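Shown next, in structure tokens, is the structure this report addresses.
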Amino acid sequence: PELQDRWGDPPMAYVFASTTEQLGVISRMLLDGAAATTGTLGKEEVMSGVVPYDQFLALDYGNKIFKKRSSVASTVRINEVLPGIHLWTNTFLELLVTDKTLTMRNSEYGWTLGHRAAWHGNVDACTHLEQEGFDWSTRDSLGRMPVHLAAIKRHTETVEMVSSFLPQAVNDMEGSGQTVPELLEYTALGMSSWNYNEEEHYSDGTKKVKSGGWNPWEAEELDIDFCDIEQVSSYNVSMESVLEDYILVGKPVMVRGGCLDWKCRKTWTKKNFVSKYDQTRINIGQIPYPEMFSAKSIWAGIPEFIESHNEKWWPDNYKELLSKFGGPYYIFSDQADKLMSEIMADFPRTPKLLNDSAEIEYLWKESTAMLNQKPYEFFFGPPYSGHQPSYGDASWHALVFGRKRWFIWPPDHGFYSTSNTYDFVRTGIQIPSGGMDPLQCVMAAGDILFIPELWTTMDVNIQESIGVSHRYGMNYFQM
């Protein structure tokens, strides 16, 4: 238990670090009809860590914590899954925590086991660490004690518990000058609407938001004239402030015009895609990664898929298509780097994200302690298509062309679903019992949306939309 990796982390740190990944894996298991009924999965699912649901439940741990359902549900809430993962994590504490591991710190970000337990809202782990004599005044490299991290993630029960161990910490400021009450002030329920003002965000007159030749037809009934997510303009904000004021304190933010300067704004045109990838086939479905949920998917040629909703055919035929198939098909792929390497080279991987962002180049580093580096994900689809509700790592989403409406929920109201986006917007957003109404905002071409870890997101295309996403994990900053 006292072994250390090259960053100074002991084995128990890896157990804590697996929490978010386990949430995604087990949520998919609970939603996967084939796994629950047949106990068989393809090679891709097995390789990604998903095991058959019935085999998992045969384990004493799985059967006790995740009660077997009489039928496969289309929705699972974070709060249904997280207690079992905490129990799994805490099983290792007695085995792996010693006097020496209590003082071990990550050499780059300064996190201790106490920081990790607080970040994930693991109250029982915090209690165990207190009994072992952990020093709750320990600060990470950004000047944050564990109680600050619990406040950033809005783990109110954890905040109360850790505050009882070190009462004076509540009014102590973290590195950016905020106290625990100030960090807790920001809640999704208390946000005001931020009116979307295109003139304000694109007023410099030098950037013209063109269509790229994609279908300009809009699903007008999906449009809204308000934005519940805080917005900043890329022309008057630095990436450093986006990092400090939003990403590091767990706030979503829409950066208007954030990718208008990217090369892909010139090269990701309809004409280029049709000509460059006339022989390329890609997996499409009504939800991203349909094969994970035993949902229907097909392999389609990129030009054929593009033409299936062109601006001449779509307006007169889309209603019949939606009625017949229950929703449009959508491309959301983490294989685009392999299938469309030339096009995927046209957006920045390590350079500037915004106009003046060189100072935080480390955000895009190729490797960091215990980071599970995710592939870039390419998305493209017609109006009414999009990504169903899901949660996972922190992420950013850049819309190169089109318009897209977002729905987001904070972690304590989060849920994962296999129902496609069109089902949600057609019937009205069906929120799980005890949930809250989503925050909503329309994203325009050239915008970037940053989403904190474990916030649930759903999006639906108002126009034909194309862009790129990346799940980067908050561990870039804290681990």
Carbon and sulfur %, accessible surface of segment 248-341 computed with the full protein complex present, 1.4 Å: 50 percent
Out of the total accessible area of segment 138-184 (probe 1.4 Å, heavy atoms of protein only), what percent is carbon and sulfur? 54 percent
Mind ranking 7-13, 240-246 by how tightly packed they are, going by the mean number of other C-beta atoms within 10 angstrom, highest first? 7-13, 240-246
Protection-proxy order for peptides 453-460, 21-28, each taking the mean of Cβ atoms within 10 Å per residue, highest first: 453-460, 21-28
Give me the number: length gained by fully extending residue 103 to residue 313, i.e. 0.36 nm times residue separation minus the C-alpha to C-alpha distance, one decimal in nm. 69.1 nm
Between residue 173 and residue 376, take the C-beta separation as r, use R0 = 35 Å, and let me know the FRET efficiency to the nearest 0.05. 0.45
Around residue 326: net Lys/Arg minus Asp/Glu count, Cβ-Cβ under 13 Å: +2
Too long for a 25 Å Cα-Cα cut-off, among 266/404; 263/312; 266/324, are 263/312; 266/324
Order by protection proxy (mean Cβ within 10 Å, highest first), peptides 296-306, 314-324, 75-85, 157-167: 75-85, 157-167, 296-306, 314-324
For residue 439, net neighbour charge (Lys/Arg +1, Asp/Glu -1) across residues whose Cβ lies under 13 Å away: -2
Counting just the Cα atoms, what span does segment 384-456 cover along each of its three principal axes? Round to the nearest Å and put the largest first. 36, 27, 19
Accessible area in square angstrom per residue, segment 222-270, 1.4 angstrom probe: 32 Å²
As computed over segment 134-187, the Cα convex hull volume per residue (Å³): 66 Å³
May I ask for the net charge around residue 185, where only other residues with Cβ less than 12 Å from the Cβ of residue 185 are counted and Lys, Arg are +1 while Asp, Glu are -1? +1
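The values are calculated or read from the model by the stated rules, or taken from the named source; none is laboratory data. Source: prediction; values computed, not measured. A quick note on method: Cβ atoms are made from the backbone with ideal geometry, for glycine too, and the neighbour counts reach across all protein chains shown. All accessible areas refer to the heavy atoms of the entire protein, side chains included, with ligands and DNA or RNA removed. Shrake-Rupley method; radii C 1.70, N 1.55, O 1.52, S 1.80 Å.
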